[in-house]
Amino acid sequence: MDIEYPMDVDTPQPTPMSVVVSWVPPPSTTEAEAESYELYTDSDGLWVRYHWEHGASNTCVESFHMRWPPSRTSDRDCAWISVHRGLSPMSMALPEDEFKAKFKGDVEGLKAEFKAITAGGEDVEGTGEEERKVTPEMIDALAVKYGVLDGKWMIHTEPENVDQLWKKVVRIVSERGYGQAKVSTRKVLVLESESESQPHFDDLCPNDTKAAACNGGTPDPQERHVICVYVDDYTNKREVDELRRVLRLGAGVFWKIGFKTGAYTHLGIYKGNKLRLRPSRYHDGDNIDKATGRGIGRKSRGSWGGHSTFRPRGPVALPLMAE
């Protein structure tokens with residue numbers, strides 16, 4: 001699950017308040033077929049995903065936002081809303097054999113070798129658990145070896161700001177002509193009177209008429225949203241930095257955010273991990289020129305975080321995003 005905060009980023013805590021939300025209707029298979037979006041489930045829950053490989057008009061994007069505003073979409077009904085515009089031109093230009101070799105996406109191989117590397121080390125802080133010293137560069141090497149190279153900039157924001165910010169991000173993805181992005185839906189409280197297991201979306205609202213009457217629940221005042229914007233290959237410095245620049249200038253994200261790799265997600269490297277690794281692989285500098293979206297003054301830490309010497313010799317890419 002990608003909702004993890006605070007990371008090493010600017011994350012002011014929300015002030016609890018009672019709000020009433022006008023929830024949008026939950027998704028349904030009937031609507032998905034008519035509107036050409038995809039519904040699927042994973043360990044996080046239900047996803048609503050739009051595929052716009054062949055482009056999306058302004059009207060299409062506007063209709064998408066009106067139907068799925070994150071602040072009014074209950075996580076009781078779905079966990080993530082996402083858009084997919086395909087792989088980057090650099091990834092698509094790779095020869096087929098190189099594409100398959102670089103895009104292996106061997107997550108199980110990554111996990112197995114990582115487990116072998118971290119076994120049999122020294123006792124960590126008297127916990128009785130033995131771990132070897134692991135560095136970001138070691139994980140980078142494993143990510144390249146097993147073709148798990150996706151990564152994302154993670155933007156945390158409040159419910160009152162998420163709809164407009166998400167709209168800007170989706171327009172960026174649409175206008176660039178490639179890329180992927182997702183946003184978490186509105187967290188709601190689970191009341192004691194409610195069942196811990198929610199019904200499947202077709203059982204909850206099997207048709208459009210019934211869907212309009214469904215209750216999304218009571219918003220959790222302590223929860224925030226996260227927007228994840230992906231790159232195919234996090235070892236490609238230019239791709240990572242260019243996406244960050246576009247998020248500054250196109251979406252107004254001038255505050256400090258972090259970048260996390262799919263490898264970190266698959267390996268369970270979150271805040272407070274026992275390996276004592278920073279949960280975000282790269283970070284922004286604080287000195288940003290709002291006119292250019294680039295670092296100014298002193299040498300900026302940049303999106304590479306100032307703590308990695310890893311530099312690949314050529315582009316590699318991964319077509320799947322870690323969920």
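The values are calculated or read from the model by the stated rules, or taken from the named source; none is laboratory data. Nothing here was measured: the structure is a model prediction, and the numbers come from that model. Positions of Cβ are generated from backbone atoms using ideal geometry, with glycine treated the same way; all protein chains shown enter the neighbour counts.
Given the structure, is Val231 in contact with a helix residue (DSSP H, G or I) (Cβ under 8 Å, 6 or more places away or on another chain), buried (at least 20 other Cβ atoms within 10 Å of the Cβ) and at pLDDT 95 or above? Considered against the rule, which asks whether it is in contact with a helix residue (DSSP H, G or I) (Cβ under 8 Å, 6 or more places away or on another chain), buried (at least 20 other Cβ atoms within 10 Å of the Cβ) and at pLDDT 95 or above, Val231 comes out as yes. Scanning region 107-123 for residues that are of a type outside the set (Ser, Thr, Tyr), surrounded by 15 or more Cβ atoms within 10 Å (Cβ to Cβ) and either at pLDDT below 95 or touching a Gly at 6+ places or on another chain (Cβ under 7 Å) (or both) yields a single hit, Ile117. For region 127-146, the count of residues that are modelled with pLDDT of 95 or more, surrounded by 15 or more Cβ atoms within 10 Å (Cβ to Cβ) and outside any helix (DSSP H, G or I) is zero. Residue selection: Met154 fails the criterion of being hydrophobic (A, V, I, L, M, F, W, C), at pLDDT below 95 and surrounded by fewer than 22 Cβ atoms within 10 Å (Cβ to Cβ).
Quick check, is Leu204 among the hydrophobic types (A, V, I, L, M, F, W, C) and either at pLDDT 90 or above or on the phi > 0 side of the Ramachandran plot (or both)? Spelling it out, it is not the case that Leu204 is among the hydrophobic types (A, V, I, L, M, F, W, C) and either at pLDDT 90 or above or on the phi > 0 side of the Ramachandran plot (or both). Answer with yes or no whether Ala251 is of a type in the set (A, V, I, L, M) and modelled with pLDDT under 95. Here the answer is no, as Ala251 does not meet what is asked. List the pairs whose first member sits in region 156-185 and is without any contact (Cβ under 8 Å) to a residue 24 or more places away in the chain, whose second member is assigned to a helix (DSSP H, G or I), and whose Cβ atoms are under 6 Å apart, counting only residues at least 6 apart or on separate chains? If the second residue must be assigned to a helix (DSSP H, G or I), no pairs are left. If a residue must be of a type in the set (A, V, I, L, M) and either within 17 Å of the chain's Cα centre (by Cα) or within 24 Å of Arg186 (Cβ to Cβ) (or both), how many such residues does region 57-99 contain? Within region 57-99, residues that are of a type in the set (A, V, I, L, M) and either within 17 Å of the chain's Cα centre (by Cα) or within 24 Å of Arg186 (Cβ to Cβ) (or both) number 6. Checking each residue of region 30-40 against the condition of being among the polar types (S, T, N, Q), modelled with pLDDT under 95, part of a loop (DSSP other than H, G, I, E, B) and closer than 19 Å to Ile227 by Cα gives no match. Among the residues of region 56-73, is any free of Cβ contacts under 8 Å to residues at least 60 places away in the same chain and either crowded, with 18+ Cβ neighbours inside 10 Å or in contact with an Asp or Glu (Cβ under 6 Å, 6 or more places away or on another chain) (or both)? Yes, because at least one residue in region 56-73 is free of Cβ contacts under 8 Å to residues at least 60 places away in the same chain and either crowded, with 18+ Cβ neighbours inside 10 Å or in contact with an Asp or Glu (Cβ under 6 Å, 6 or more places away or on another chain) (or both).
Pairs are defined by a Cβ separation below 6 Å, a sequence spacing of at least 6 or placement on different chains, a first member in region 93-105 that is in a helix (DSSP H, G or I), and a second member that is at pLDDT 95 or above; the pairs so defined are Lys102/Gly147. Quick check: anything in region 66-85 among the small types (Gly, Ala, Ser) and modelled with pLDDT under 95? Within region 66-85, not a single residue is among the small types (Gly, Ala, Ser) and modelled with pLDDT under 95.
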